[in-house]
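J.: Sharing a structure below in structure tokens format, with a few things to ask.
Coordinate-derived values only; no laboratory data. Owing to the predicted nature of the structure, the values given are computational and were not obtained by experimental measurement. Cβ atoms come from the backbone with ideal geometry, glycine included; neighbour counts cover every protein chain shown.
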Amino acid sequence: MQKLILFSLLFLILDAKNEFISEYEYGQMLYSNPRGISCTNCHGEFGEGKVIATYKQDNQEITLKGADIRDLNLTQFHKALNANHTIMPRYYLVNQEVIAIYKFIKEKNRRLTQPKIENDEEDLFIYSEENNESDLEPSLNTPTTF
């Protein structure tokens, strides 16, 4: 009886791995709603930056636009997220969350430029940290597990 219970638990643990979201989906979820305010509202669907508001001040039209974050390396991206901005809220994301969002933006933009491969699953996360090792500061080069 005890062996049957252990076998059942082992099966459930191994099978549960299929229930978790992919790394791409995790980054997408965080980008969509990291702490109640979506990054897409200001940075756009692909990180391209978009107009937030326009207003007149001293007879001049002023456009407030979110920054284009697509070409930042991981170090720049991390610093920008942790800086105090006048408009952007401070999200207080942990390194794992910052890396997930960064990788999501890179992968989403890669998919824009490359044709879809037959049988390419939507949640397949191809982007690799090894390709951007130079972007990582020693303090950020921590293993990520999802």
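J.: Determine the gain in length on full extension of the stretch Q96-N59; use 0.36 nm per residue of separation and subtract their C-alpha separation, reporting nm with one decimal.
T.: 8.8 nm
J.: Within a 10 angstrom radius of the beta carbon, how do E45, E107, E61 rank from fewest other beta carbons to most?
T.: E61, E45, E107
J.: Hey, with R₀ at 25 Å, roughly what FRET efficiency would M88 and Q114 work out to, going by the Cβ-Cβ distance, to 0.05? Walk me through the numbers before you get to the answer.
T.: Numbers: r = 30 Å, r/R0 = 1.21.
That gives a FRET efficiency of 0.25.
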